[in-house]
Amino acid sequence: MYWKVQVLEKYVIKGGTALHGEVEISGAKNAAVAIIPAALMVDGVCCIENIPQISDTDMLLTILRDLGAKVRFLNKSTVEIDCTKVRYQDAPYELMRKIRASYYLIGAMLGRFGSAKTTMPGGCNFGVRPIDQHIKGMTALGADVSVKNGFVYADARDGKLHGARIYLDKVSVGATMNIILAAALAQGRTIIENAAREPHIVDLANFLNSMGADVRGAGTDTVKINGVDKLHGGSYAIIPDQIEAGTYMVAAAATGGEVLIKNVIPRHLECISAKLRETGTIVQEYEDSVLVKGASTLRRVNIKTLPYPGFPTDMQPPMGALLCLANGTSVITEGVYDNRFKYINELRKMGAEVQVDGRVAVIEGGRRLTGAPVQACDLRAGAAMVIAGMCAVGTTEVEDVHYIERGYENFVGKLRELGADIEIVNFSDDSDPSEKIVMIS
Ligand code: EPZ
(Lines give C-alpha, C1' and ligand atoms only; values in the text may rest on other atoms or scores of the structure.)
Protein backbone atom coordinates (compact mmCIF):
# COMPACT_ATOMS: atom_id res chain seq x y z
CA MET A 1 0.00 0.00 0.00
CA TYR A 2 1.44 3.42 -0.85
CA TRP A 3 0.35 7.00 -1.31
CA LYS A 4 0.67 9.19 -4.36
CA VAL A 5 -0.58 12.57 -5.50
CA GLN A 6 -3.61 11.92 -7.70
CA VAL A 7 -3.17 13.50 -11.12
CA LEU A 8 -6.36 15.28 -12.13
CA GLU A 9 -7.61 14.94 -15.68
CA LYS A 10 -10.00 16.98 -17.77
CA TYR A 11 -11.27 16.70 -21.31
CA VAL A 12 -10.65 19.64 -23.66
CA ILE A 13 -13.13 19.66 -26.54
CA LYS A 14 -13.23 21.93 -29.59
CA GLY A 15 -16.80 21.95 -30.89
CA GLY A 16 -18.17 22.00 -34.43
CA THR A 17 -17.11 18.62 -35.82
CA ALA A 18 -19.78 16.15 -36.96
CA LEU A 19 -18.93 12.56 -35.99
CA HIS A 20 -18.34 10.12 -38.84
CA GLY A 21 -17.25 6.47 -38.98
CA GLU A 22 -17.73 3.31 -36.96
CA VAL A 23 -17.60 2.58 -33.22
CA GLU A 24 -17.52 -0.81 -31.46
CA ILE A 25 -19.65 -1.08 -28.29
CA SER A 26 -18.12 -2.76 -25.22
CA GLY A 27 -19.71 -5.11 -22.71
CA ALA A 28 -22.59 -3.82 -20.59
CA LYS A 29 -21.38 -2.07 -17.42
CA ASN A 30 -24.58 -2.76 -15.48
CA ALA A 31 -24.43 -6.45 -16.38
CA ALA A 32 -20.70 -6.78 -15.62
CA VAL A 33 -21.00 -5.17 -12.16
CA ALA A 34 -23.50 -7.88 -11.17
CA ILE A 35 -21.85 -10.82 -12.99
CA ILE A 36 -18.43 -10.24 -11.39
CA PRO A 37 -19.90 -10.51 -7.82
CA ALA A 38 -21.93 -13.52 -9.05
CA ALA A 39 -18.64 -15.29 -9.87
CA LEU A 40 -17.99 -15.28 -6.10
CA MET A 41 -20.80 -17.86 -5.77
CA VAL A 42 -19.22 -20.27 -8.26
CA ASP A 43 -17.21 -23.14 -6.79
CA GLY A 44 -15.02 -23.37 -9.87
CA VAL A 45 -13.47 -21.29 -12.64
CA CYS A 46 -15.55 -18.78 -14.65
CA CYS A 47 -14.29 -17.43 -17.95
CA ILE A 48 -16.15 -14.17 -18.65
CA GLU A 49 -15.82 -12.45 -22.04
CA ASN A 50 -16.70 -8.89 -23.09
CA ILE A 51 -15.85 -7.34 -19.72
CA PRO A 52 -15.76 -3.53 -20.26
CA GLN A 53 -12.43 -1.89 -19.32
CA ILE A 54 -13.87 0.64 -16.84
CA SER A 55 -13.03 1.60 -13.27
CA ASP A 56 -16.17 -0.01 -11.78
CA THR A 57 -15.17 -3.46 -13.06
CA ASP A 58 -11.54 -2.88 -12.01
CA MET A 59 -12.70 -2.13 -8.45
CA LEU A 60 -14.96 -5.17 -8.24
CA LEU A 61 -12.20 -7.48 -9.52
CA THR A 62 -9.85 -6.01 -6.89
CA ILE A 63 -12.46 -6.71 -4.20
CA LEU A 64 -12.80 -10.32 -5.37
CA ARG A 65 -8.99 -10.72 -5.32
CA ASP A 66 -8.96 -9.39 -1.74
CA LEU A 67 -11.52 -12.08 -0.85
CA GLY A 68 -9.12 -14.74 -2.11
CA ALA A 69 -10.26 -15.16 -5.73
CA LYS A 70 -7.68 -15.80 -8.45
CA VAL A 71 -8.31 -13.24 -11.24
CA ARG A 72 -6.43 -13.50 -14.54
CA PHE A 73 -7.03 -11.53 -17.78
CA LEU A 74 -6.70 -13.79 -20.83
CA ASN A 75 -6.95 -10.70 -23.08
CA LYS A 76 -8.13 -7.10 -22.61
CA SER A 77 -11.79 -8.07 -22.22
CA THR A 78 -11.74 -11.71 -21.10
CA VAL A 79 -11.13 -12.58 -17.47
CA GLU A 80 -10.79 -15.91 -15.69
CA ILE A 81 -12.07 -15.86 -12.08
CA ASP A 82 -11.43 -18.81 -9.75
CA CYS A 83 -13.34 -18.54 -6.46
CA THR A 84 -12.78 -22.09 -5.20
CA LYS A 85 -10.50 -20.82 -2.44
CA VAL A 86 -12.42 -17.73 -1.36
CA ARG A 87 -13.10 -17.49 2.35
CA TYR A 88 -15.40 -15.13 4.23
CA GLN A 89 -13.30 -12.19 5.38
CA ASP A 90 -13.29 -8.43 5.52
CA ALA A 91 -13.21 -6.89 2.07
CA PRO A 92 -11.64 -3.50 1.03
CA TYR A 93 -14.38 -1.23 2.31
CA GLU A 94 -12.85 1.95 0.87
CA LEU A 95 -13.35 0.49 -2.62
CA MET A 96 -16.89 -0.70 -1.87
CA ARG A 97 -17.85 2.82 -0.79
CA LYS A 98 -16.98 4.19 -4.22
CA ILE A 99 -19.44 2.20 -6.30
CA ARG A 100 -23.20 1.64 -6.25
CA ALA A 101 -22.82 -1.98 -7.41
CA SER A 102 -21.06 -3.01 -4.19
CA TYR A 103 -24.55 -3.90 -2.94
CA TYR A 104 -24.38 -7.04 -5.14
CA LEU A 105 -21.71 -8.35 -2.76
CA ILE A 106 -24.45 -8.67 -0.12
CA GLY A 107 -26.41 -11.16 -2.23
CA ALA A 108 -23.31 -12.96 -3.47
CA MET A 109 -21.63 -13.25 -0.05
CA LEU A 110 -24.90 -14.31 1.62
CA GLY A 111 -25.38 -16.90 -1.09
CA ARG A 112 -21.82 -18.22 -0.80
CA PHE A 113 -21.00 -17.80 2.88
CA GLY A 114 -24.38 -17.29 4.58
CA SER A 115 -22.98 -14.02 5.88
CA ALA A 116 -22.06 -10.59 4.44
CA LYS A 117 -20.53 -7.34 5.59
CA THR A 118 -20.38 -4.52 3.06
CA THR A 119 -20.48 -0.75 3.15
CA MET A 120 -23.57 1.21 2.22
CA PRO A 121 -23.21 1.61 -1.57
CA GLY A 122 -21.64 4.68 -3.18
CA GLY A 123 -22.23 5.66 -6.78
CA CYS A 124 -23.63 8.61 -8.68
CA ASN A 125 -25.41 11.14 -6.55
CA PHE A 126 -28.77 12.12 -8.00
CA GLY A 127 -31.10 12.15 -5.06
CA VAL A 128 -31.82 9.57 -2.41
CA ARG A 129 -30.88 6.04 -3.49
CA PRO A 130 -32.06 3.78 -0.67
CA ILE A 131 -31.58 0.00 -0.53
CA ASP A 132 -34.74 -0.80 1.45
CA GLN A 133 -35.99 -3.18 -1.25
CA HIS A 134 -32.67 -5.06 -1.18
CA ILE A 135 -33.01 -5.40 2.60
CA LYS A 136 -36.66 -6.47 2.27
CA GLY A 137 -35.61 -9.25 -0.11
CA MET A 138 -32.70 -10.53 1.97
CA THR A 139 -34.85 -10.52 5.11
CA ALA A 140 -37.58 -12.50 3.34
CA LEU A 141 -34.93 -15.06 2.32
CA GLY A 142 -34.11 -15.60 6.01
CA ALA A 143 -31.29 -13.19 6.72
CA ASP A 144 -30.97 -10.81 9.69
CA VAL A 145 -29.96 -7.51 8.08
CA SER A 146 -28.80 -4.40 9.94
CA VAL A 147 -27.18 -1.10 8.93
CA LYS A 148 -24.68 0.35 11.42
CA ASN A 149 -21.95 3.00 11.07
CA GLY A 150 -22.19 2.94 7.29
CA PHE A 151 -21.94 -0.82 7.05
CA VAL A 152 -24.55 -3.41 6.03
CA TYR A 153 -24.46 -6.66 8.03
CA ALA A 154 -26.43 -9.70 6.86
CA ASP A 155 -26.49 -13.19 8.37
CA ALA A 156 -28.63 -16.16 7.33
CA ARG A 157 -30.59 -16.96 10.51
CA ASP A 158 -30.04 -20.73 10.28
CA GLY A 159 -26.81 -20.64 8.30
CA LYS A 160 -28.51 -20.94 4.90
CA LEU A 161 -31.09 -18.85 3.03
CA HIS A 162 -34.48 -20.32 2.11
CA GLY A 163 -36.84 -19.53 -0.76
CA ALA A 164 -39.57 -16.86 -0.37
CA ARG A 165 -42.20 -14.95 -2.33
CA ILE A 166 -41.10 -11.29 -2.56
CA TYR A 167 -43.14 -8.40 -3.96
CA LEU A 168 -40.98 -5.36 -4.75
CA ASP A 169 -42.71 -2.15 -3.64
CA LYS A 170 -40.65 -0.27 -6.24
CA VAL A 171 -39.39 -1.57 -9.60
CA SER A 172 -35.69 -1.78 -8.76
CA VAL A 173 -32.93 -3.11 -11.03
CA GLY A 174 -30.48 -3.53 -8.17
CA ALA A 175 -32.91 -5.18 -5.77
CA THR A 176 -34.14 -7.59 -8.49
CA MET A 177 -30.58 -8.66 -9.34
CA ASN A 178 -29.44 -8.83 -5.72
CA ILE A 179 -32.34 -11.11 -4.75
CA ILE A 180 -31.70 -13.35 -7.79
CA LEU A 181 -28.07 -13.68 -6.61
CA ALA A 182 -28.97 -14.57 -3.01
CA ALA A 183 -31.79 -16.95 -4.06
CA ALA A 184 -29.65 -18.90 -6.55
CA LEU A 185 -28.11 -21.01 -3.73
CA ALA A 186 -31.01 -20.78 -1.25
CA GLN A 187 -33.01 -23.84 -0.22
CA GLY A 188 -36.29 -23.96 -2.14
CA ARG A 189 -38.09 -21.67 -4.56
CA THR A 190 -38.08 -17.87 -4.64
CA ILE A 191 -40.57 -15.78 -6.60
CA ILE A 192 -39.87 -12.08 -7.21
CA GLU A 193 -42.97 -10.10 -8.21
CA ASN A 194 -42.93 -6.58 -9.67
CA ALA A 195 -39.38 -7.31 -10.80
CA ALA A 196 -37.38 -4.99 -13.06
CA ARG A 197 -36.99 -6.19 -16.68
CA GLU A 198 -33.75 -4.57 -17.93
CA PRO A 199 -31.56 -6.51 -20.41
CA HIS A 200 -28.75 -6.75 -17.82
CA ILE A 201 -31.11 -8.65 -15.50
CA VAL A 202 -31.60 -11.27 -18.23
CA ASP A 203 -27.81 -11.31 -18.70
CA LEU A 204 -27.20 -12.05 -15.01
CA ALA A 205 -29.81 -14.83 -15.08
CA ASN A 206 -28.22 -16.34 -18.20
CA PHE A 207 -24.78 -16.20 -16.56
CA LEU A 208 -26.05 -17.94 -13.40
CA ASN A 209 -27.93 -20.57 -15.43
CA SER A 210 -24.79 -21.31 -17.46
CA MET A 211 -23.10 -22.05 -14.13
CA GLY A 212 -25.86 -24.47 -13.05
CA ALA A 213 -28.46 -22.17 -11.45
CA ASP A 214 -32.21 -22.38 -12.18
CA VAL A 215 -33.53 -18.84 -12.83
CA ARG A 216 -36.65 -18.42 -14.97
CA GLY A 217 -38.66 -15.45 -16.14
CA ALA A 218 -35.86 -12.88 -16.03
CA GLY A 219 -36.90 -9.99 -18.28
CA THR A 220 -40.52 -10.25 -17.13
CA ASP A 221 -42.05 -8.77 -13.96
CA THR A 222 -42.09 -12.20 -12.29
CA VAL A 223 -38.82 -14.09 -11.78
CA LYS A 224 -38.73 -17.61 -10.33
CA ILE A 225 -35.52 -19.05 -8.85
CA ASN A 226 -35.18 -22.68 -7.72
CA GLY A 227 -32.19 -22.79 -5.38
CA VAL A 228 -29.43 -25.31 -6.21
CA ASP A 229 -26.70 -26.73 -3.96
CA LYS A 230 -23.73 -25.30 -5.83
CA LEU A 231 -22.68 -23.53 -8.99
CA HIS A 232 -20.01 -25.03 -11.27
CA GLY A 233 -17.53 -23.18 -13.47
CA GLY A 234 -18.09 -22.32 -17.12
CA SER A 235 -17.82 -19.61 -19.78
CA TYR A 236 -20.04 -16.65 -20.53
CA ALA A 237 -20.02 -13.53 -22.75
CA ILE A 238 -21.59 -10.31 -21.45
CA ILE A 239 -24.12 -8.52 -23.69
CA PRO A 240 -23.25 -5.19 -25.37
CA ASP A 241 -23.90 -2.02 -23.38
CA GLN A 242 -27.32 -0.52 -24.22
CA ILE A 243 -26.45 2.87 -22.67
CA GLU A 244 -22.99 3.17 -24.21
CA ALA A 245 -24.60 2.44 -27.60
CA GLY A 246 -27.35 4.98 -26.93
CA THR A 247 -24.77 7.60 -25.98
CA TYR A 248 -22.98 7.27 -29.33
CA MET A 249 -26.34 7.31 -31.16
CA VAL A 250 -27.23 10.62 -29.48
CA ALA A 251 -23.74 12.01 -30.12
CA ALA A 252 -24.05 11.21 -33.84
CA ALA A 253 -27.50 12.82 -33.99
CA ALA A 254 -26.51 15.91 -32.00
CA THR A 255 -23.37 16.63 -34.06
CA GLY A 256 -25.23 16.00 -37.35
CA GLY A 257 -22.89 13.20 -38.33
CA GLU A 258 -23.21 9.65 -39.61
CA VAL A 259 -22.02 6.80 -37.38
CA LEU A 260 -22.34 3.01 -37.57
CA ILE A 261 -22.60 1.71 -34.00
CA LYS A 262 -21.41 -1.92 -34.03
CA ASN A 263 -21.80 -4.89 -31.64
CA VAL A 264 -25.26 -3.94 -30.34
CA ILE A 265 -28.59 -5.71 -29.80
CA PRO A 266 -31.03 -3.41 -31.69
CA ARG A 267 -34.00 -4.70 -29.69
CA HIS A 268 -32.42 -3.23 -26.52
CA LEU A 269 -32.19 0.16 -28.25
CA GLU A 270 -35.77 0.35 -29.57
CA CYS A 271 -36.88 3.14 -27.24
CA ILE A 272 -33.81 5.25 -27.98
CA SER A 273 -34.11 4.68 -31.75
CA ALA A 274 -37.81 5.60 -31.68
CA LYS A 275 -37.16 8.83 -29.74
CA LEU A 276 -34.30 9.85 -32.04
CA ARG A 277 -36.50 9.23 -35.10
CA GLU A 278 -39.05 11.64 -33.57
CA THR A 279 -36.32 14.32 -33.69
CA GLY A 280 -35.91 13.73 -37.43
CA THR A 281 -32.76 11.63 -37.04
CA ILE A 282 -32.44 8.62 -39.36
CA VAL A 283 -31.83 5.32 -37.52
CA GLN A 284 -31.34 2.16 -39.60
CA GLU A 285 -31.21 -1.17 -37.74
CA TYR A 286 -29.13 -4.15 -38.89
CA GLU A 287 -28.55 -7.53 -37.23
CA ASP A 288 -25.92 -6.36 -34.71
CA SER A 289 -25.48 -2.68 -35.52
CA VAL A 290 -27.40 0.55 -36.00
CA LEU A 291 -26.60 3.37 -38.42
CA VAL A 292 -27.43 6.87 -37.19
CA LYS A 293 -27.58 9.83 -39.61
CA GLY A 294 -28.04 13.28 -38.11
CA ALA A 295 -30.75 15.56 -39.50
CA SER A 296 -29.96 19.07 -40.76
CA THR A 297 -32.33 20.42 -38.10
CA LEU A 298 -33.52 18.55 -35.01
CA ARG A 299 -37.19 18.59 -33.98
CA ARG A 300 -38.22 19.06 -30.32
CA VAL A 301 -39.64 16.03 -28.48
CA ASN A 302 -41.00 15.12 -25.03
CA ILE A 303 -39.39 12.37 -22.97
CA LYS A 304 -40.54 10.48 -19.88
CA THR A 305 -37.99 8.10 -18.39
CA LEU A 306 -39.30 4.77 -17.12
CA PRO A 307 -38.00 1.31 -16.20
CA TYR A 308 -37.29 -0.93 -19.22
CA PRO A 309 -38.74 -1.16 -21.82
CA GLY A 310 -39.47 2.54 -21.26
CA PHE A 311 -37.01 5.29 -22.15
CA PRO A 312 -33.93 4.61 -19.97
CA THR A 313 -33.19 7.13 -17.22
CA ASP A 314 -29.47 6.75 -17.99
CA MET A 315 -30.12 8.22 -21.45
CA GLN A 316 -31.87 11.28 -20.01
CA PRO A 317 -28.79 13.53 -19.61
CA PRO A 318 -27.38 12.85 -23.12
CA MET A 319 -30.82 13.56 -24.60
CA GLY A 320 -31.04 16.73 -22.51
CA ALA A 321 -27.90 18.00 -24.23
CA LEU A 322 -29.28 17.15 -27.68
CA LEU A 323 -32.63 18.85 -27.03
CA CYS A 324 -30.86 22.16 -26.31
CA LEU A 325 -30.09 22.15 -30.05
CA ALA A 326 -33.55 21.01 -31.27
CA ASN A 327 -35.98 23.60 -32.63
CA GLY A 328 -38.73 24.38 -30.16
CA THR A 329 -39.58 23.54 -26.57
CA SER A 330 -38.97 20.01 -25.24
CA VAL A 331 -40.13 18.60 -21.91
CA ILE A 332 -38.25 15.89 -20.01
CA THR A 333 -39.99 14.11 -17.12
CA GLU A 334 -37.63 12.02 -14.97
CA GLY A 335 -39.72 9.05 -13.90
CA VAL A 336 -37.10 7.08 -11.95
CA TYR A 337 -34.98 9.42 -9.76
CA ASP A 338 -35.97 12.45 -7.72
CA ASN A 339 -33.03 14.64 -8.68
CA ARG A 340 -31.30 13.80 -11.95
CA PHE A 341 -31.09 17.31 -13.43
CA LYS A 342 -27.87 18.57 -11.76
CA TYR A 343 -26.21 18.64 -15.20
CA ILE A 344 -28.66 21.33 -16.35
CA ASN A 345 -26.69 23.93 -14.39
CA GLU A 346 -23.59 22.93 -16.35
CA LEU A 347 -25.50 23.24 -19.65
CA ARG A 348 -26.67 26.72 -18.58
CA LYS A 349 -22.98 27.74 -18.38
CA MET A 350 -22.93 26.98 -22.14
CA GLY A 351 -25.98 29.12 -22.83
CA ALA A 352 -28.76 26.54 -22.51
CA GLU A 353 -32.23 27.89 -21.61
CA VAL A 354 -33.82 25.30 -19.29
CA GLN A 355 -36.39 25.55 -16.48
CA VAL A 356 -36.34 22.73 -13.91
CA ASP A 357 -39.17 22.07 -11.47
CA GLY A 358 -38.71 18.87 -9.47
CA ARG A 359 -38.75 15.95 -11.90
CA VAL A 360 -39.62 18.11 -14.96
CA ALA A 361 -37.21 20.04 -17.18
CA VAL A 362 -38.49 22.41 -19.90
CA ILE A 363 -35.82 23.02 -22.55
CA GLU A 364 -36.03 26.05 -24.90
CA GLY A 365 -34.02 24.68 -27.81
CA GLY A 366 -32.90 26.08 -31.16
CA ARG A 367 -29.85 27.92 -29.90
CA ARG A 368 -26.11 27.40 -30.34
CA LEU A 369 -24.25 26.43 -27.21
CA THR A 370 -20.96 28.14 -26.45
CA GLY A 371 -17.93 26.37 -25.01
CA ALA A 372 -17.23 26.81 -21.28
CA PRO A 373 -15.44 25.15 -18.33
CA VAL A 374 -17.97 22.64 -16.91
CA GLN A 375 -18.06 19.63 -14.58
CA ALA A 376 -19.24 16.06 -14.91
CA CYS A 377 -21.75 15.81 -12.06
CA ASP A 378 -22.06 12.05 -12.52
CA LEU A 379 -21.42 9.34 -15.09
CA ARG A 380 -24.16 10.07 -17.64
CA ALA A 381 -24.14 13.79 -16.93
CA GLY A 382 -20.47 13.74 -17.89
CA ALA A 383 -21.31 12.11 -21.21
CA ALA A 384 -23.95 14.79 -21.76
CA MET A 385 -21.35 17.56 -21.24
CA VAL A 386 -19.02 15.94 -23.78
CA ILE A 387 -21.86 15.80 -26.32
CA ALA A 388 -22.70 19.45 -25.61
CA GLY A 389 -19.02 20.38 -25.98
CA MET A 390 -18.75 18.65 -29.37
CA CYS A 391 -21.76 20.69 -30.59
CA ALA A 392 -20.78 24.02 -29.03
CA VAL A 393 -19.04 26.99 -30.63
CA GLY A 394 -15.55 27.23 -29.13
CA THR A 395 -13.76 25.17 -26.49
CA THR A 396 -15.28 23.25 -23.57
CA GLU A 397 -13.28 21.85 -20.66
CA VAL A 398 -14.95 19.03 -18.71
CA GLU A 399 -13.58 18.33 -15.21
CA ASP A 400 -14.28 15.42 -12.82
CA VAL A 401 -14.02 13.05 -15.76
CA HIS A 402 -13.33 10.14 -13.36
CA TYR A 403 -17.12 9.76 -13.28
CA ILE A 404 -17.18 9.19 -17.04
CA GLU A 405 -14.38 6.66 -16.85
CA ARG A 406 -16.46 4.58 -14.44
CA GLY A 407 -18.83 3.59 -17.21
CA TYR A 408 -17.42 4.32 -20.68
CA GLU A 409 -14.50 2.26 -21.98
CA ASN A 410 -11.95 4.40 -23.85
CA PHE A 411 -14.50 7.22 -24.31
CA VAL A 412 -11.98 9.78 -25.64
CA GLY A 413 -10.27 7.24 -27.91
CA LYS A 414 -13.54 6.09 -29.48
CA LEU A 415 -14.71 9.70 -30.01
CA ARG A 416 -11.38 10.70 -31.57
CA GLU A 417 -11.73 7.72 -33.94
CA LEU A 418 -15.04 9.31 -35.01
CA GLY A 419 -13.37 12.66 -35.71
CA ALA A 420 -14.09 14.49 -32.46
CA ASP A 421 -11.58 17.17 -31.45
CA ILE A 422 -11.19 16.00 -27.84
CA GLU A 423 -8.13 15.35 -25.70
CA ILE A 424 -7.30 14.36 -22.15
CA VAL A 425 -5.26 17.00 -20.30
CA ASN A 426 -3.60 16.44 -16.94
CA PHE A 427 -3.77 19.41 -14.63
CA SER A 428 -3.28 20.35 -11.03
CA ASP A 429 -5.78 22.67 -9.45
CA ASP A 430 -5.09 25.01 -6.56
CA SER A 431 -7.03 22.94 -4.04
CA ASP A 432 -5.26 21.66 -0.96
CA PRO A 433 -2.66 19.14 -2.26
CA SER A 434 -3.55 16.76 0.57
CA GLU A 435 -7.00 16.38 -1.03
CA LYS A 436 -5.29 14.89 -4.06
CA ILE A 437 -3.44 12.27 -2.07
CA VAL A 438 -4.92 8.81 -2.71
CA MET A 439 -4.09 5.42 -1.30
CA ILE A 440 -3.13 2.75 -3.81
CA SER A 441 -3.61 -0.73 -2.36
C1 EPZ B 1 -29.22 0.72 -11.55
O2 EPZ B 1 -29.16 1.49 -10.36
C3 EPZ B 1 -28.08 1.25 -12.42
N4 EPZ B 1 -26.82 1.07 -11.72
C5 EPZ B 1 -28.30 2.72 -12.72
O6 EPZ B 1 -27.30 3.07 -13.68
C7 EPZ B 1 -29.67 2.92 -13.38
O8 EPZ B 1 -29.90 4.31 -13.49
C9 EPZ B 1 -30.76 2.27 -12.55
O10 EPZ B 1 -30.44 0.89 -12.27
C11 EPZ B 1 -32.12 2.33 -13.24
O12 EPZ B 1 -32.04 1.69 -14.48
C13 EPZ B 1 -26.27 -0.17 -11.68
O14 EPZ B 1 -26.81 -1.11 -12.24
C15 EPZ B 1 -24.96 -0.29 -10.96
P16 EPZ B 1 -32.90 1.03 -9.10
P17 EPZ B 1 -30.05 1.04 -9.08
O18 EPZ B 1 -32.76 0.21 -7.89
O19 EPZ B 1 -30.06 -0.42 -8.99
C20 EPZ B 1 -35.47 3.44 -5.94
C21 EPZ B 1 -25.59 4.31 -14.61
O22 EPZ B 1 -25.54 5.47 -15.04
N23 EPZ B 1 -35.07 2.38 -5.01
O24 EPZ B 1 -33.56 0.46 -10.31
O25 EPZ B 1 -29.61 1.82 -7.92
C26 EPZ B 1 -34.29 4.30 -6.39
O27 EPZ B 1 -34.05 5.34 -5.46
C28 EPZ B 1 -26.31 4.04 -13.31
O29 EPZ B 1 -25.12 3.29 -15.19
C30 EPZ B 1 -35.67 2.32 -3.76
O31 EPZ B 1 -36.52 3.16 -3.43
O32 EPZ B 1 -31.48 1.56 -9.55
C33 EPZ B 1 -34.76 4.81 -7.72
O34 EPZ B 1 -35.59 5.93 -7.52
C35 EPZ B 1 -26.86 5.30 -12.71
N36 EPZ B 1 -35.31 1.34 -2.90
C37 EPZ B 1 -35.59 3.65 -8.28
O38 EPZ B 1 -35.93 2.84 -7.14
C39 EPZ B 1 -34.38 0.39 -3.24
O40 EPZ B 1 -34.10 -0.50 -2.41
C41 EPZ B 1 -34.85 2.78 -9.28
O42 EPZ B 1 -33.62 2.40 -8.68
C43 EPZ B 1 -33.77 0.46 -4.52
C44 EPZ B 1 -34.14 1.46 -5.39
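The values are calculated or read from the model by the stated rules, or taken from the named source; none is laboratory data. All values reported here derive from a predicted model rather than from experimental measurement. Counting neighbours? That spans all protein chains shown, and the Cβs are built from the backbone with ideal geometry, glycine included. We work out accessible area using only protein heavy atoms, side chains counted, and drop any ligands, DNA or RNA first. Shrake-Rupley method; radii C 1.70, N 1.55, O 1.52, S 1.80 Å.
Screening VAL23, VAL12, VAL71 for residues that are within 27 Å of ALA116 (Cβ to Cβ) and either assigned to a strand (DSSP E or B) or touching a residue at least 40 places away in the same chain (Cβ under 8 Å) (or both) leaves exactly one candidate, VAL71. Candidates in region 391-410 are the residues that are open to solvent by less than 10 Å² (accessible area, probe 1.4 Å) and touching a strand residue (DSSP E or B) at 6+ places or on another chain (Cβ under 7 Å); of these, the one that is nearest to ILE54 (Cα to Cα) is VAL401. The single residue among ALA175, ALA218, ALA274, ALA195 that is within 22 Å of ARG300 (Cα to Cα) and either aliphatic (A, V, I, L, M) or under 18 Å from the mean Cα position of the chain (by Cα) (or both) turns out to be ALA274. Would you confirm whether or not region 160-170 contains a residue that is surrounded by fewer than 21 Cβ atoms within 10 Å (Cβ to Cβ), farther than 22 Å from ALA28 by Cα and at pLDDT below 95? Yes - at least one qualifying residue is present in region 160-170.
Of all residues in region 157-172, those satisfying the criterion of being in a loop (DSSP other than H, G, I, E, B) and either touching a Pro at 6+ places or on another chain (Cβ under 7 Å) or away from the ligand (no atom under 16 Å from the Cβ) (or both) are ARG157, ASP158, GLY159, LYS160, LEU161, GLY163, ALA164, VAL171. In summary, ARG197 fulfils each of the numbered conditions (1) part of a loop (DSSP other than H, G, I, E, B); (2) open to solvent by less than 10 Å² (accessible area, probe 1.4 Å); (3) in contact with a Gly (Cβ under 8 Å, 6 or more places away or on another chain) with the single exception of condition (2). Restricting attention to region 309-340, the residues that are buried (at least 16 other Cβ atoms within 10 Å of the Cβ), more than 12 Å from the ligand (Cβ to nearest atom) and not small (Gly, Ala, Ser) add up to 6.
Considering only residues that are farther than 18 Å from VAL12 by Cβ, more than 16 Å from the ligand (Cβ to nearest atom) and outside any strand (DSSP E or B), which ones fall in region 348-360? Within region 348-360, ARG348, GLY351, ALA352 meet the criteria. Number of residues in region 361-397 that are within 22 Å of ASN125 (Cα to Cα) and either part of a helix (DSSP H, G or I) or within 16 Å of the ligand (Cβ to nearest atom) (or both) equals 13.
Looking at this structure, is GLU270 in a helix (DSSP H, G or I) and surrounded by fewer than 18 Cβ atoms within 10 Å (Cβ to Cβ)? Considered against the rule, which asks whether it is in a helix (DSSP H, G or I) and surrounded by fewer than 18 Cβ atoms within 10 Å (Cβ to Cβ), GLU270 comes out as yes.
None of PHE151, PHE113, PHE207 is open to solvent by less than 10 Å² (accessible area, probe 1.4 Å) and aromatic (Phe, Trp, Tyr) except PHE207.
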